[in-house]
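Structure below; questions to follow.
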Amino acid sequence: MQVTYYGHSCFSVTVNGKHLLFDPFIRPNELAKNIDVKKIKADYILISHGHEDHTADAVELAKLTGAITISNYEIYNWLLKQGVKGCHPMNTGGKWMFDFGKVKCVTAEHSSSLPDGTYGGNPMGFIIESSEGNFYYSGDTALTYDMKLIGEYRKLDLAFLPIGDNFTMGIENAILASSFINCPHIIGMHYDTFGFIKIDHKEATDKFQRAGKKLTLFNIGETINYEFKTTLSKA
Ligand code: NI
Ligand code: MN
């Protein structure tokens, strides 16, 4: 499994040769100005909710790459109206087997509207299971007690959690979330991009370490390879 960071909450995860792009927000992000959007590969674009800092490049990238978008039903309808083809609608609690592995949609405690004001439905997180590893991408969310269900549902190798506070949970709650989901290795997202969510990187990683957990903060444009061995469940 290969993970590349494009800033804010946008990651590309390569699973079984397929490129999964999460929450594309690149061109409006000053911190990601060195990323060339046209060079990004995507077979699937997963969208957690409608806010601009998660959807800004979704339409353009979907058209450019021909990727299949995966989102809730409301965002699916919005994407179709923007002329995006090959959209897969899902909703909270649902799972679907794709060619790279399984996607299960879980709740996120946040809000959701599209950049033009269209209702965005409920925000979601994604649990991805594959023969190369299992991970949870929470999207924007508060800490919720429901996260304990995720910990019981599947053994996770990695989890992407917001740590920037103000709009989502912050570092302390992300540490608790890491316990709830029973995944000690967290990749931080949704920090530094705007004034309200700037964090001290060393303080954040130290806090995780003191709690016996690991926080990885990618540089924008950085790629890390992970080797996990997992068996795909039937449930
Ligand atoms: Ni949001
Ligand atoms: Mn956001």
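The values are calculated or read from the model by the stated rules, or taken from the named source; none is laboratory data. Keep in mind the model is a prediction, meaning the values are calculated, not measured. Neighbour counts are summed over all protein chains in view; Cβ atoms, including those assigned to glycine, are modelled from backbone coordinates with ideal geometry. With ligands, DNA and RNA removed, areas are computed over all heavy atoms of the protein, side chains included. Shrake-Rupley method; radii C 1.70, N 1.55, O 1.52, S 1.80 Å.
How many of the residues in region 45-75 are within 16 Å of ligand 1 (Cβ to nearest atom), among the polar types (S, T, N, Q) and farther than 17 Å from ILE128 by Cβ?
Total meeting the criteria: 1.
If we keep just the residues of region 162-171 that are aliphatic (A, V, I, L, M) and within 14 Å of ligand 2 (Cβ to nearest atom), which is surrounded by the fewest Cβ atoms within 10 Å (Cβ to Cβ)?
Top of the filtered list is MET169.
Determine which single condition SER111 fails, assuming it passes every other condition in (1) closer than 30 Å to GLY170 by Cβ; (2) of a type in the set (S, T, N, Q); (3) more than 16 Å from ligand 1 (Cβ to nearest atom).
For SER111, the exception is condition (3).
Here is a follow-up. How about region 172-189: which of its residues are open to solvent by 10 Å² or more (accessible area, probe 1.4 Å) and either part of a helix (DSSP H, G or I) or over 26 Å from GLU152 (Cα atoms) (or both)?
Listed by number, the residues that qualify are GLU172, ASN173, ILE175, LEU176, SER179, PHE180.
While we're looking at this one, here's another question. Scan region 136-173 for residues that are under 13 Å from the mean Cα position of the chain (by Cα) and within 15 Å of ligand 1 (Cβ to nearest atom) and report the count.
Matching residues across region 136-173 total 9.
Also, I was wondering about something else. Any idea which residue in region 1-28 is surrounded by the most Cβ atoms within 10 Å (Cβ to Cβ), counting only those that are within 16 Å of ILE70 (Cβ to Cβ) and of a type in the set (D, E, K, R)?
The residue in question is ASP23.
Right, something else. Of (1) more than 16 Å from ligand 2 (Cβ to nearest atom); (2) more than 25 Å from LYS155 (Cβ to Cβ), ASP192 satisfies all except one. Which?
Exception for ASP192: condition (1).
Could you grab the pairs with beta carbons closer than 9 Å, sequence gap of 6+ or different chains, first residue in region 39-57 and among the acidic types (Asp, Glu), second one within 10 Å of ligand 2 (Cβ to nearest atom) and open to solvent by less than 10 Å² (accessible area, probe 1.4 Å)?
From region 39-57, the pairs are ASP53/HIS8; ASP53/SER9; ASP53/ASP23; ASP53/ASP140; ASP53/HIS190.
Report whether or not ILE75 is in contact with a His (Cβ under 6 Å, 6 or more places away or on another chain) and either open to solvent by less than 40 Å² (accessible area, probe 1.4 Å) or within 15 Å of ligand 2 (Cβ to nearest atom) (or both).
Here the answer is no, as ILE75 does not meet what is asked.
Pick from LEU79, LEU149, LEU156, LEU161: which is of a type in the set (A, V, I, L, M) and either at pLDDT below 95 or part of a loop (DSSP other than H, G, I, E, B) (or both)?
LEU156
Just one of PHE126, PHE98 is open to solvent by 10 Å² or more (accessible area, probe 1.4 Å) and either aliphatic (A, V, I, L, M) or touching a residue at least 40 places away in the same chain (Cβ under 8 Å) (or both); which is it?
PHE98
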